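Comments concern the structure below.
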């Protein structure tokens with residue numbers, strides 16, 4: 001099926017091979033479940049056109065399996081100006097694997113002057129399609145996403161800037177929204193800006209926070225990322241997030257860093 005997920009009930013989803021990450025054939029890249037959870041949180045919160053997602057904070061408790069998944073949601077706060085919604089993801093064994101808290105803020109046209117910060121980035125036109133690093137299985141996140149670099153690459157250490165566009169919808173038969181396009185890409189900041197040798201070290205993100213000051217537009221999402229690592233084994237991947245109209249927010253990931261086990 002040409003989608004990341006198939007919806008079989010309001011809260012029940014089948015994971016397709018497109019969700020598979022590049023590290024483990026049985027585990028998902030965190031981008032698809034991040035997008036799925038944010039969508040579920042918005043659906044649970046109900047339609048209030050004046051509210052817009054300003055922050056999504058994820059805790060990744062364990063690898064998300066490529067398997068049937070159930071989403072559970074609850075509203076933590078439903079105020080006039082701020083709404084907090086929680087969504088969790090669990091496979092059939094009932095063990096929670098991922099959680100998000102979504103903050104939606106009330107907006108009103110012309111309520112404040114527009115002030116933009118952060119550097120502009122070169123657009124996707126003319127960016128190089130350098131491809132993913134070699135992945136030993138045929139189908140996965142690496143084939144579901146088109147990636148074009150304007151700086152760096154998957155094969156280079158250090159900061160990188162890449163544009164992402166999904167080749168398949170998030171959910172079969174349903175529209176992929178600009179917000180979910182951002183969340184499909186945002187977890188890749190750590191992957192594109194690795195600061196140390198992957199063959200010698202693991203650097204796994206245990207969380208993801210995405211802050212958005214503007215509603216995203218269009219199909220392309222840019223992740224302008226850099227990673228810092230302390231010798232004690234804690235790292236931080238920071239990403240500027242852009243669409244073709246300019247900066248729209250930031251992403252950050254806390255990293256667990258350790259020598260890779262031999263063998």
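The values are calculated or read from the model by the stated rules, or taken from the named source; none is laboratory data. Note that this is a predicted model, so its numbers are computed, not measured. FYI the Cβ positions are ideal-geometry reconstructions off the backbone, even for glycines, and counts take in every protein chain you see.
Cβ-Cβ distances below 8 Å connect the following pairs, each with a first residue in region 136-149 that is over 17 Å from residue 4 (Cα atoms), a second residue that is modelled with pLDDT under 95 and in a strand (DSSP E or B), and a separation of six or more residues or different chains: 148/128; 149/128.
You will find that of 239, 232, 228, the residue that is in contact with a strand residue (DSSP E or B) (Cβ under 6 Å, 6 or more places away or on another chain), surrounded by fewer than 17 Cβ atoms within 10 Å (Cβ to Cβ) and either in a loop (DSSP other than H, G, I, E, B) or at pLDDT 95 or above (or both) is 228 and no other. Is it true that some residue in region 3-19 is in a helix (DSSP H, G or I) and either crowded, with 19+ Cβ neighbours inside 10 Å or touching a helix residue (DSSP H, G or I) at 6+ places or on another chain (Cβ under 8 Å) (or both)? Scanning region 3-19 turns up at least one residue that is in a helix (DSSP H, G or I) and either crowded, with 19+ Cβ neighbours inside 10 Å or touching a helix residue (DSSP H, G or I) at 6+ places or on another chain (Cβ under 8 Å) (or both).
Every residue, every condition in (1) under 20 Å from residue 206 (Cβ atoms); (2) without any contact (Cβ under 8 Å) to a residue 60 or more places away in the chain, yes or no:
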residue	(1), (2)
26	yes, yes
39	no, no
44	no, yes
48	no, yes
53	no, no
74	no, yes
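With respect to (1) surrounded by fewer than 21 Cβ atoms within 10 Å (Cβ to Cβ); (2) outside any helix (DSSP H, G or I); (3) in contact (Cβ under 8 Å) with a residue 40 or more places away in the chain, the lone exception for residue 179 is condition (2). Here residue 194 meets each of (1) under 21 Å from residue 56 (Cα atoms); (2) assigned to a loop (DSSP other than H, G, I, E, B) with one exception, condition (1). Pairs are defined by a Cβ separation below 7 Å, a sequence spacing of at least 6 or placement on different chains, a first member in region 96-125 that is at positive phi, and a second member that is surrounded by 15 or more Cβ atoms within 10 Å (Cβ to Cβ); the pairs so defined are 118/240; 118/247.
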